[in-house]
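Taken together, the values in this text are just the output of simple stated rules run on the coordinates, not laboratory data. This one's a predicted model, so the numbers in the text were calculated from it and none came from an experiment. Cβ: placed from backbone, ideal geometry, glycine included. Neighbour counts: every protein chain shown.
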Amino acid sequence: MRCYFCGLTATRKLLFVQSRRMAREAMVCIDHAEMILQQDQPRPIGESWSQGPLVQVDVEQLHRVVDGSAASGTEAVILQESGGTRRLRLAIGRCEASTIERLLQPQRSDRPLTPEAFARTLHSLGGKLLHVTITALTRGTYFALLRIDQQGHRFEVDIRPSDGIAFAIVCQAAILVHESLLPTVDPSAGRGP
Ligand SMILES: [Zn+2]
């Protein structure tokens, strides 16, 4: 497979997502994958839990390594502000990337994936996922919470952001991010039309 941009060997797959469905797929080389994914790196925010307004985001891109020999830990999901241009890049695990990719496919698999089993369990218990919030970045690790309503009783569950994103896709729940985690500079500012 050849890179969509330069024709070199492609070892990365970028999925471009629209309305929580896979919209387009591109095979790219390592350098072009990094170029596309690294452009809107969030700024580090220190050690404490962040406070402040929440911004709704949605899955915009998924990055998956397709070369089995490549080092793991370079899969990523890009969240983009709904109706805006600010983006947050989250590094995710290989398994989580694979699960999210399968959830984005229009055709469903025969057997339930873990987030689908979770959603059915929650529903059976009279619960509803209200939203997933990515709350903080601490020592390079993002934290997230599920906000659940069970017949009027509301509570939060600690979760990895990648799992939270998968659950939000299955449950069609909103994904929220603390505004302090988004880059302060609008990446589109100053660019031509
Ligand atoms: Zn390339």
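Using the Cα centre of region 12-181 as origin and beta-carbon charges of +1 (Lys, Arg) and -1 (Asp, Glu), tell me which of LEU62, LEU122, GLN80 is placed farthest towards the positive end of the dipole.
Of the candidates, LEU122 comes out farthest on the positive side.
Please list, in order, the residues from region 99-137 whose amide nitrogen is less than 20 Å from a point placed 7 Å along the Cα→Cβ vector of HIS153.
Of the residues in region 99-137, 118-131 have backbone N under 20 Å from the label point off HIS153.
Taking the number of other C-beta atoms within 10 Å as the exposure measure, put SER82, SER109, SER162, SER180 in order starting with the fewest.
Lowest count first: SER109, SER82, SER180, SER162.
Would you list ASP31, ASP158 from fewest to most Cβ contacts within 10 Å?
ASP158, ASP31
So, R0 is 41 Å and r is the distance between the beta-carbons of GLN172 and ASP31; what FRET efficiency does that work out to, to 0.05?
Details: r = 36 Å, r/R0 = 0.88.
After rounding to 0.05, the efficiency reads 0.70.
Can you pull the one-decimal nm distance between simple spin-label points at ALA117 and GLU179, each 7 Å off the Cα toward Cβ?
With each label point 7 Å from Cα toward Cβ, the separation is 4.0 nm.
Calculate the dipole size of region 12-181 relative to its Cα centre from +1 charges on Lys and Arg beta carbons and -1 charges on Asp and Glu beta carbons; express the result in debye to the nearest 20.
Value, rounded to 20: 300 debye.
Rank these for me by crowding, ASP67, ASP163, going from fewest to most other beta carbons within 10 Å.
ASP67, ASP163
How would you classify region 12-181 from its alpha-carbon gyration tensor, with a ≥ b ≥ c the square roots of the eigenvalues: rounded for a/c under 1.5, else prolate if a/b is greater than b/c, otherwise oblate?
Oblate shape, in that a/c is at least 1.5 and b/c is the bigger or equal ratio.
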